[in-house]
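Following: one structure in C-alpha cells, then a few remarks.
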Amino acid sequence: IGGEFDLSAGVMVTSSALISSMFSYQMTANVWVGVFVSLLVTLAIGAFNGFMLTRTKLPSFIITLGTFLMLTGLNLGFTKLISGTVSTKAIGDMEGFDSARALFASTLTLGGVEFKVTILWWAALV
C-alpha cells in the first residue's frame with residue numbers, strides 16, 4: 001500500500017486459511033464455500049487498510065502493523081471460541097477437499113512426462 005511495507009500480508013494468509021478451515025470443518029460447509037468467504041474477508045481487510053491509509057494519512061507501516069496485531073489476536077480468539085482449541089482439524093477430512101486437491105495439487109501426465117498442475121496454472125497465468 002502506498003509503496004511501503006505491508007506487514008499484515010503474512011497474517012492475512014493465516015487468517016484466510018483459518019477462515020476456510022472454520023467454514024469447512026466447524027460449520028460443515030464445502031471447502032469451496034470456505035475459500036470464497038476467506039477471499040471476501042481478505043479483500044475487506046485490504047480495503048480497510050487502504051481506507052485507513054487514505055483517511056488518517058499515517059504511514060502504511062503503522063496501519064498494517066496495527067492490522068497485523070489485530071488479526072493475530074482475532075485469529076487466536078475466534079479459533080479458540082469456535083473450536084475450543086487454537087488449531088483446526090486436518091483439511092483432508094473436509095467435504096470438497098478432493099476436488100480442490102485435484103484442481104490445485106495433482107499431477108498430469110503429458111507425453112509420458114509428469115507435470116504438477118500448479119506449474120500448468122502458473123504457465124496459463126503468464
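Please treat every number below as a calculation from the coordinates, not as lab data. Because the structure is a prediction, the values reported are computed rather than measured. Here the Cβ positions follow ideal geometry from the backbone for every residue, glycine too, while neighbour counts run over all protein chains shown.
Close amide H contacts of Gly96 (hydrogens built in the peptide plane, cut-off under 5 Å, sequence separation of 5 or more or a different chain): Val31. Rg of the Cα atoms in the stretch 12-125, relative to 2.2 N^0.38 Å, amounts to 1.33. The phi-based Karplus calculation (6.51 cos²θ - 1.76 cosθ + 1.60; θ = phi - 60°) puts the 3J(HN,Hα) values of the stretch 11-22 at 6, 5, 4, 5, 4, 4, 5, 5, 5, 4, 5, 5 Hz, whole numbers, x for Gly and Pro. Working ranking of peptides 43-52, 100-109 by packing, defined as the average number of other Cβ atoms within 10 Å per residue, highest first, is 43-52, 100-109. Here the sum of -39500 (n - 2.57) over DSSP H runs of 4 or more residues, divided by the residues of the chain, equals -21000 deg cm²/dmol at 222 nm, to the nearest 500. Scanning residues 5 or more positions from Phe115 or on other chains, those with amide H under 5 Å from its amide H are Leu108, Thr109, Leu110, with H placed 1.01 Å from N in the peptide plane.
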